[in-house]
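In what follows, a structure is listed as structure tokens, so that the remarks can point back to it.
The values are calculated or read from the model by the stated rules, or taken from the named source; none is laboratory data. Being a predicted model, the structure only gives us computed values, none of them experimental. Because the Cβ atoms are built from the backbone with ideal geometry, glycine has one as well, and the counts that use them run over all protein chains shown.
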Amino acid sequence: PSSEIELIFCPHPLLVNNQQYSQTRYVKTTANATVDHLSKYLALRIALEDSQSETQANRNMEGEPGATSNSSLQDVSEKQFTIYISTTGGQFSTLNGSLTLELVNEKFWKVCKPLELFYAPTQDQ
Amino acid sequence: PEEVTVTDITINSLTVTFREAFVARGFFRSWELE
């Protein structure tokens, strides 16, 4: 069984508008998860949260329960995110999708604290 | 934490489980040790 990794997942301070995604996420997963798993997880969570907000807004406007829009959920879940890690000098390095979080921890982080990563929508969408 | 969301993600037949909480305290072992 793979060991567990603790992650603090924040919006990229330079690439993400505060109003777009402001939530810091506290996440645990296994060390064999890859950056691609993390990216897919984020896309799914944000799509679900956006869809729930939209449904709530519909309820408030119409005064009755609204249905979740499957088409909008699909659209948003196709959104892709790039994952970054902070390096020395305030720079950010893009993490390759095939890297496992265990490798990221060993190669870039090296301290006994939750692994701090940043996310932003992939630029070429 | 009062609520933890559990989500499974599969890529290339490898499924991993993510657990997410609204707060770190009570969820992150390493913070509890500080």
Original post:
Could you count how many residues in the range B:12-31 are in a loop (DSSP other than H, G, I, E, B) and either more than 7 Å from chain A (Cβ to nearest Cβ) or in contact with a His (Cβ under 6 Å, 6 or more places away or on another chain) (or both)?
Top reply: 5
Original post:
In the range A:31-45, which residues are surrounded by fewer than 19 Cβ atoms within 10 Å (Cβ to Cβ) and under 9 Å from A:Glu102 (Cα atoms)?
Top reply: A:Ala31, A:Asn32
Original post:
Does the range A:108-116 include one or more residues that are more than 22 Å from B:Leu14 (Cβ to Cβ) and either under 17 Å from the mean Cα position of the chain (by Cα) or modelled with pLDDT of 95 or more (or both)?
Top reply: yes
**OP:** Output the number of residues of the range A:5-26 satisfying the condition of being among the hydrophobic types (A, V, I, L, M, F, W, C) and either assigned to a strand (DSSP E or B) or at pLDDT 95 or above (or both).
**Re:** 5
**OP:** Pairs only if they're at least six apart or on different chains, beta carbon under 7 angstrom, first in the range A:27-50 and more than 9 Å from every other protein chain (Cβ to nearest Cβ) and modelled with pLDDT under 90, second surrounded by fewer than 20 Cβ atoms within 10 Å (Cβ to Cβ) and in a helix (DSSP H, G or I); list them, first residue then second.
**Re:** A:Ile46/A:Val76; A:Ala47/A:Leu73; A:Ala47/A:Val76; A:Ala47/A:Ser77; A:Asp50/A:Val76
